[in-house]
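Beneath this line is the structure, given in structure tokens, with notes to follow.
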Amino acid sequence: MYLFGTLTGIFHLVHMWIDYSAYASASYCAVLIVGLSAAMELVMLFMNANDGGKMSRAIFNTQLTSMVFYTLFAWSSIKLAVSLRIHKEFKYATEGYPQAQSNQDDNFMHADTESRR
């Protein structure tokens, strides 16, 4: 709230509630949405820091605003990493682990064709 204004702070609070509900429900789609929003947050924070204009000056104006910015950046980075990890675990749970999907010939097709003869 302190860094980007009151309305943006309120939106961040709503966004944090969405993050919490997504992690609490642990559904596949919710984790994808959280990951995409974390990536967009990182891009937007990076753009705000490097625009060379009003936002960049506001971020690096004082030590407190810089600390708030880097905390938001760290939070979005951790959120992205955690959501990618959870997505990976969901993928393994639904499709199986890579070791189970090796390309070894297990004679599955051969057994099927021999039984038809």
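Please treat every number below as a calculation from the coordinates, not as lab data. These figures come from a predicted structure and were not determined experimentally. Cβ coordinates were reconstructed from backbone atoms using ideal geometry, including for glycine residues, and neighbour counts include every protein chain displayed.
So here's what we get for this one:
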quantity	calculated
Value of Rg to Rh for the stretch 1-78 (Rh from inverse mean 1/r over Cα pairs, i.e. Kirkwood)	1.02
Residues THR94 and ILE10, FRET efficiency given R0 of 22 Å [Cβ-Cβ distance, rounded to 0.05]	0.05
Spatial separation of Cα centroids for the stretch 10-29 and the stretch 32-52, in angstrom	16
Whether the stretch 4-49 is rounded, prolate or oblate, judged on the alpha carbon gyration tensor where a/c under 1.5 counts as rounded	oblate
